[in-house]
Amino acid sequence: MQLKIKLPDKKAQSYPIVIEAGISEQLIQYLPKNTSSLVIITDSTVKKHYAQALKNALEKTIYSVFLLSFKAGEASKNIQTKIKLEEAMLVKCCGRDTVILALGGGVVGDLAGFIAATYMRGISYIQIPTTLLAMVDSSVGGKTAIDTPQGKNLIGAFWQPRAVLADLNLLKTLSKQHIVNGLVEALKIFLTCSSKDVQYFKKNVQLALTKNEAILHQLVYRAVKIKAQVVEQDEHEINLRKILNWGHTIGHAIEHLSHYKMLHGYAVALGILVEAKISLLMGYLSATDYLFVENSLKDLGIRPSDLQKYNPNEIIKHTYKDKKAKAGQVYYVLLSGVGQVHQIKGKVTHPVSDRIVKEAFSLF
Ligand SMILES: NC(=O)c1ccc[n+]([C@@H]2O[C@H](COP(=O)([O-])OP(=O)(O)OC[C@H]3O[C@@H](n4cnc5c(N)ncnc54)[C@H](O)[C@@H]3O)[C@@H](O)[C@H]2O)c1
């Protein structure tokens, strides 16, 4: 005997991504109809800037509103923080019709999203990104996770939000360092997927660094448009979605070895440099295109000489914990041109020997 379980098609999981100054003030319209209560999950910094004000505003509506926060920083993206937040939600009798509002950067988004994925076997959440990195990248696509002592994002789930509300007004308090952090992830998306958008980025990067709103709006829109197209084709990262992991095999290792003192985007920038150099050494990327990548990062103040601080052997050892590694072999996304990744029979990741990685490091 055979039975079939019919799951709703992908369209049922579609959701709006709204990029607009002031949009977070209109979030009520994006809540599911049966919502009973709201839990704002945020970190200690965003709490001071925005979360308390959001709570006060939402308390004027028909919903019960709770505000939960944790200490800002990557070091909090772990199982202990997750447990504390979940227990607080249980104490407050949050149920299946509670909606989580993930108000913060990528750390809040990944953690609150993972709680939404597992709380009572899955509840709704809305991403309200407050960093540029979260707006251009992490709030979209439903990847949620926590870090473990073994490495980054190793425990998590794919769990799509009900909506992503990118309110550009929330970037006003963001430091320049965190603007750079986000611009690196936007550049990563453009360099792997769209030469046209790379040109736009190059032309406008200095204005972006001054937080010019029109330029940031365009960059978020362009990056998210590409990311959404990639996620639509490969939600669970079987193949194509891995292109967005470019720079992350080395980047995650550097981030881990810096004990998370180096910001994610800066570590990814160094990862991009090494992985572009590997692409050059393997003959996929021209010297001109390699230089273009290096100069684009220099425009953001990234110094290739920073790589000299890291021991290549330690980095290589850590790359074996990467999610793309299998059967004792590390796989990399490699570039074949500006706006293009190297593909063999449609596959976007490729085995690279430790010798080549070491050689790439020796050239910095
Ligand atoms: N899920 C994904 O697809 C995905 C993609 C890329 C990165 N990530 C993850 O994102 C995380 C990095 O995100 P991040 O760089 O946003 O880090 P973050 O969330 O730690 O935010 C950076 C800092 O900025 C502060 N902050 C946030 N918003 C602010 C604002 N508006 N004004 C002033 N300060 C503000 C935070 O309190 C924090 O101290 C990493 O954990 C990374 O693994 C996830």
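The values are calculated or read from the model by the stated rules, or taken from the named source; none is laboratory data. Small disclaimer: the values here were computed from a predicted structure and weren't measured. Every residue, glycine as well, gets a Cβ built from its backbone with ideal geometry; the counts of neighbours run over all protein chains shown. Heads up: the accessible areas ignore ligands, DNA and RNA and are worked out on the full protein's heavy atoms, side chains in. Shrake-Rupley method; radii C 1.70, N 1.55, O 1.52, S 1.80 Å.
I'm checking my understanding of the structure. Among residues of region 33-51 that are open to solvent by 80 Å² or more (accessible area, probe 1.4 Å) and touching a residue at least 12 places away in the same chain (Cβ under 8 Å), which one is farthest from Thr173 (Cα to Cα)?
Let us first name the residues in region 33-51 that are open to solvent by 80 Å² or more (accessible area, probe 1.4 Å), namely 33-34, 48-49.
Within this subset, residues satisfying the condition of being touching a residue at least 12 places away in the same chain (Cβ under 8 Å) are 34, 49.
Values: Asn34: 34, His49: 8 Å.
Among them, the one singled out is Asn34.
Go through region 118-146 and report how many residues are in contact (Cβ under 8 Å) with a residue 40 or more places away in the chain and over 17 Å from the mean Cα position of the chain (by Cα).
1
Here is a list of conditions, (1) away from the ligand (no atom under 11 Å from the Cβ); (2) touching a Phe, Trp or Tyr at 6+ places or on another chain (Cβ under 7 Å); (3) assigned to a strand (DSSP E or B); (4) not polar (S, T, N, Q), and Phe190 meets all of them except one; can you say which number that is?
Status for Phe190: all satisfied but (3).
Here are some conditions: (1) open to solvent by 20 Å² or more (accessible area, probe 1.4 Å); (2) within 28 Å of Ala145 (Cβ to Cβ); (3) among the charged types (D, E, K, R). Glu25 meets all but one. Which one does it not meet?
So Glu25 meets the others, but not (2).
Restricting the search to region 120-132, which residues are open to solvent by less than 20 Å² (accessible area, probe 1.4 Å) and either within 7 Å of the ligand (Cβ to nearest atom) or in a helix (DSSP H, G or I) (or both)?
Across region 120-132, the qualifying residues are Thr130, Leu132.
Which of the residues that make up region 255-279 are among the hydrophobic types (A, V, I, L, M, F, W, C), within 14 Å of the ligand (Cβ to nearest atom) and crowded, with 24+ Cβ neighbours inside 10 Å? Write out each step before concluding.
Within region 255-279, the subset among the hydrophobic types (A, V, I, L, M, F, W, C) is 257, 262-263, 267-270, 272-274, 276, 278.
Narrowing the set further to residues that are within 14 Å of the ligand (Cβ to nearest atom) leaves 262-263, 267-269, 272.
If the condition is that a residue be among the hydrophobic types (A, V, I, L, M, F, W, C), within 14 Å of the ligand (Cβ to nearest atom) and crowded, with 24+ Cβ neighbours inside 10 Å, then Ala267, Val268, Ala269, Ile272 are the ones that fit.
Return the residues of region 193-204 that are in a helix (DSSP H, G or I) and either crowded, with 18+ Cβ neighbours inside 10 Å or at pLDDT below 95 (or both); say none if nothing qualifies. Steps first, answer last, please.
Quick first cut of region 193-204, residues in a helix (DSSP H, G or I) only: 193, 195-204.
Answer for region 193-204, where residues must be in a helix (DSSP H, G or I) and either crowded, with 18+ Cβ neighbours inside 10 Å or at pLDDT below 95 (or both): Cys193, Asp197, Val198, Phe201.
Pull out all pairs, ordered by first then second residue, where Cβ-Cβ is under 6 Å, the residues are six or more apart or on different chains, the first lies in region 62-74 and is within 30 Å of Thr148 (Cα to Cα), and the second is modelled with pLDDT of 95 or more and assigned to a loop (DSSP other than H, G, I, E, B).
Phe66/Lys92
Is it true that some residue in region 303-319 is surrounded by 16 or more Cβ atoms within 10 Å (Cβ to Cβ), within 18 Å of Leu244 (Cβ to Cβ) and in contact (Cβ under 8 Å) with a residue 12 or more places away in the chain?
yes
So, in region 162-172, exactly how many residues are within 11 Å of the ligand (Cβ to nearest atom) and in contact (Cβ under 8 Å) with a residue 60 or more places away in the chain? Break it down stepwise before answering.
Looking only at region 162-172, we keep the residues that are within 11 Å of the ligand (Cβ to nearest atom), and these are 167-172.
From what is left, the residues that are in contact (Cβ under 8 Å) with a residue 60 or more places away in the chain are 167-170.
Going through region 162-172 one residue at a time, the tally reaches 4.
Any idea which of Ala53, Ala72, Ala117 is touching a strand residue (DSSP E or B) at 6+ places or on another chain (Cβ under 6 Å) and more than 10 Å from the ligand (Cβ to nearest atom)?
Numbers: Ala53 fails: touching a strand residue (DSSP E or B) at 6+ places or on another chain (Cβ under 6 Å); Ala72 fails: more than 10 Å from the ligand (Cβ to nearest atom).
Going through Ala53, Ala72, Ala117 in turn, just one is touching a strand residue (DSSP E or B) at 6+ places or on another chain (Cβ under 6 Å) and more than 10 Å from the ligand (Cβ to nearest atom): Ala117.
Taking Glu86, is it over 25 Å from Ile17 (Cβ atoms), touching a strand residue (DSSP E or B) at 6+ places or on another chain (Cβ under 7 Å) and either more than 8 Å from the ligand (Cβ to nearest atom) or open to solvent by less than 20 Å² (accessible area, probe 1.4 Å) (or both)? Break it down into steps so the answer makes sense when it comes.
Values: over 25 Å from Ile17 (Cβ atoms): yes; touching a strand residue (DSSP E or B) at 6+ places or on another chain (Cβ under 7 Å): no; either more than 8 Å from the ligand (Cβ to nearest atom) or open to solvent by less than 20 Å² (accessible area, probe 1.4 Å) (or both): yes.
The answer is no for Glu86.
Could you run through region 89-105 and say how many residues are free of Cβ contacts under 8 Å to residues at least 60 places away in the same chain and open to solvent by 20 Å² or more (accessible area, probe 1.4 Å)? So that I can check it myself, show each step before the final result.
Applying the first criterion (free of Cβ contacts under 8 Å to residues at least 60 places away in the same chain) to region 89-105 yields 89-96.
Remaining after also requiring open to solvent by 20 Å² or more (accessible area, probe 1.4 Å): 90-93, 96.
Within region 89-105, residues that are free of Cβ contacts under 8 Å to residues at least 60 places away in the same chain and open to solvent by 20 Å² or more (accessible area, probe 1.4 Å) number 5.
Given (1) open to solvent by 10 Å² or more (accessible area, probe 1.4 Å); (2) within 6 Å of the ligand (Cβ to nearest atom), identify the lone condition not met by Val108.
All conditions pass for Val108, except number (1).
Which condition breaks for Ala75 when tested against (1) surrounded by 21 or more Cβ atoms within 10 Å (Cβ to Cβ); (2) within 21 Å of the chain's Cα centre (by Cα); (3) assigned to a helix (DSSP H, G or I)?
Of everything listed in (1) surrounded by 21 or more Cβ atoms within 10 Å (Cβ to Cβ); (2) within 21 Å of the chain's Cα centre (by Cα); (3) assigned to a helix (DSSP H, G or I), Ala75 misses just condition (1).
Taking region 133-146 only, how many residues are more than 7 Å from the ligand (Cβ to nearest atom) and at negative phi?
Selection size over region 133-146: 5.
Looking at region 158-177 only, could you name the residues that are surrounded by 15 or more Cβ atoms within 10 Å (Cβ to Cβ) and over 16 Å from Leu103 (Cα atoms)?
Phe158, Trp159
Examine region 238-252 for a residue that is in a loop (DSSP other than H, G, I, E, B), of a type in the set (Phe, Trp, Tyr), within 30 Å of Lys321 (Cβ to Cβ) and open to solvent by less than 20 Å² (accessible area, probe 1.4 Å), and state whether such a residue exists.
Step one: of region 238-252, the residues in a loop (DSSP other than H, G, I, E, B) are 238-239, 246-247.
Still in the running and of a type in the set (Phe, Trp, Tyr): 246.
This time we only want the ones that are within 30 Å of Lys321 (Cβ to Cβ), so: 246.
Those still in the list that are open to solvent by less than 20 Å² (accessible area, probe 1.4 Å) too: 246.
Yes, that holds for at least one residue.
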